[in-house]
Amino acid sequence: MIDVNSSIGVFDSGIGGLTVLRQLIRFMPDEHYIYLGDTARVPYGNKSQSIVRTYAEQFTRFLIAKNVKLIVVACNTVSSVALDTVRNIAGDIEVIGMIEHTSYAALRTTLNNKIGIIGTRATINSNAYMEGIKSIPGGENMKIISQACPLFVPIVEEGLINHQIAYLAAQEYLSNLISENVDTIVLGCTHYPLLSRVISEIVPGATLIDCGEHSSVAALRILAEKNLLRKQSASINQKPEIEFYVTDIPSIFYEQAQRFLGFPIDTPKTIDFKDLV
Ligand code: DGL
C-alpha cells in the first residue's frame with residue numbers, strides 16, 4: 001500500500017545522485033529518503049545499455065521492497081537508457097527520471113532556440129534529451145547540440161572543480177556549443193552542477209539547466225497531486241531524514257559525499273550483491 005509516510009527512493013550509479021537528493025530536500029525537507037548508490041560499479045556512463053538496465057532492475061526491486069512511495073532515478077545515464085525498465089517493474093509507484101522535466105525547462109528557457117546538451121557517453125549516445133525536447137510541442141524547431149564530456153565525472157570526483165584541468169576540459173568539450181551560440185545548456189549528468197562556475201565562465205551567455213532542480217519540482221508536484229506529501233515538521237532546523245545504502249565504501253567516500261550533498265553523511269549501510277535480485 002502506498003502510504004503518505006513511506007519514503008522517497010532515490011538511486012544513482014554512485015554518489016552523483018546526491019546533487020539530486022540535495023534538490024529534493026530543498027523542495028521537500030519533511031520527507032524521509034532512501035538513497036541507494038552503486039559505488040562498487042560506478043561509473044555507468046561508459047557502460048553498455050544492457051548492463052545499465054540490469055543494474056537498474058536490481059535497484060528498483062530493492063526500493064520496492066522498502067515500500068517507497070516514489071522512485072527518483074537520480075542518474076541521467078539510467079534515465080536515458082533504462083527508465084522504461086524501472087517503470088515496468090515499479091508498476092503503480094510513480095517514477096521520475098531526469099530527462100522529461102529537464103527537457104521542458106530547457107525549452108522554456110531558450111530564447112534563440114539553440115540548446116546544448118552535455119552528459120556521459122551513454123546519455124549522449126542514447127539521444128534521450130534530444131528526443132525528449134523534440135517530442136514537446138515547439139521542441140521540433142530547436143537546434144540541439146549534444147556533447148559527451150567523459151572527463152567531467154572524474155574531474156569532479158577528484159575534487160578538481162576549480163583546477164586548471166577543469167577549465168581545459170570545459171574549453172575542449174564546449175567549443176562546439178560556443179560556436180553554435182547556444183543560449184541554454186542542459187547539465188545532463190549528476191556531477192555537472194559542481195562544474196557550473198567553470199561552465200559559466202567558458203560559455204558566459206548561457207543559462208544552465210540543473211536536472212536535479214527541475215526533477216525535484218516535478219516530484220513535489222506529483223506527490224502533492226496524489227496527497228502523498230508528509231506533514232510539515234514542527235522544527236525548521238530538523239536534520240533531513242535519509243537512510244543511505246551503497247555497494248561499497250571507497251576511501252574518499254565521505255569527503256566526496258559531503259561535497260555533493262553539501263553536508264556530512266551518516267554511515268551508510270553496505271548492500272551485499274547477494275541481496276540484489
Ligand atoms: N550519475 C551519472 C549520470 O548522471 C554519472 C556518473 C556515471 O557515469 O555513472 O549520468
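The values are calculated or read from the model by the stated rules, or taken from the named source; none is laboratory data. Bear in mind the structure is a predicted one, so any value in this text is a computation, not a measurement. Quick reminder, even Gly has a Cβ in these numbers, built from the backbone with ideal geometry, and neighbours come from all protein chains shown. What goes into the accessible areas is simple: the full protein's heavy atoms, side chains included, and nothing from ligands, DNA or RNA. Shrake-Rupley method; radii C 1.70, N 1.55, O 1.52, S 1.80 Å.
Assorted remarks:
- Size-normalised alpha-carbon gyration radius of the chain, reference 2.2 N^0.38 Å: 0.96
- Each 5 Å bin from zero up to the one holding the largest Cα-Cα distance in the stretch 106-253 carries the following percent of pairs: 2, 8, 15, 18, 17, 13, 11, 10, 6, 1, 0.
- Helical content of the chain, expressed as a calculated mean residue ellipticity at 222 nm, amounts to -13000 deg cm²/dmol (DSSP H runs of 4 or more residues, -39,500 (n - 2.57) each, divided by residue number, nearest 500).
- Radius of gyration (Cα atoms) of the stretch 218-261, expressed as a multiple of 2.2 N^0.38 Å: 1.66.
- Charged neighbours of Ala224, selected by a Cβ distance under 15 Å, balance to +1 (K, R count +1; D, E count -1).
- For the stretch 9-52, the spread of Cα positions along the three principal axes, ordered from largest to smallest, is 36, 16, 14 Å.
- Here the Kirkwood formula puts the hydrodynamic radius of the stretch 173-277 at 17.5 Å, using every distinct Cα pair.
- Taking the longest Cα principal axis of the chain as reference, the axis of helix 76-90 is set at about 30 degrees.
- When the alpha carbon gyration tensor of the stretch 32-173 is reduced to an equivalent ellipsoid, the three semi-axes, largest first, read 26, 22, 13 Å.
- Solvent exposure of the chain as accessible area per residue, Å², 1.4 Å probe: 44 Å²
- Each of Ile222, Ser103, Tyr245 was scored by the projection of its Cα onto the charge dipole of the chain, and the greatest displacement toward the positive side belongs to Ile222; charges sit on the C-beta of Lys, Arg, Asp and Glu.
- Proximal lysine pairs, the chain, alpha carbons under 22 Å, eight or more residues apart or interchain: 15
- Loop-resident GluC sites (Glu not before Pro) (DSSP state other than H, G, I, E or B) in the stretch 64-169 with no more than 15 further Cβ atoms inside 10 Å of their Cβ: Glu158.
- Based on Cα contacts under 8 Å between residues 6+ apart, the stretch 9-54 shows a relative contact order of 49 percent.
- Degrees, to the nearest 10: 49-65 long Cα axis against longest axis of the chain: 30 degrees
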